[in-house]
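Reviewing the structure listed below.
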Ligand SMILES: [Zn+2]
């Protein structure tokens, strides 16, 4: 119903059920354009190193990532509920994060 829409709505957040705070996560080394978009809160950057569960979207409101491409690599709790809480581990997207988290 909105007048201008650049892209299809992302999936609604599994936690709050809204899609207005949901942004796609970009993987790969960010371009200047991607960094600017991230500063504006339009996207979330996954970083140069792609690994782990590779969630597709992030919700700024809940501070979570969801839409796992490889849910089998998520922790048991994350896989069951379907999202990762960022506040539980801010530095989750590092290249050291190859091992599964403790339950
Ligand atoms: Zn949310």
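Bear in mind these aren't lab numbers, they're just calculated from the coordinates by the rules spelled out. Just so you know, these numbers come straight off a predicted model, no measurement behind them. Methodologically, a virtual Cβ is constructed for each residue, glycine included, from the backbone with ideal geometry; neighbour enumeration extends over all protein chains shown.
Of note:
- Antiparallel DSSP beta bridges within the range 22-87, percent to nearest 5: 75
- Modelled FRET efficiency - R0 25 Å, residue 36 with residue 81, Cβ distances, 0.05 increments: 0.20
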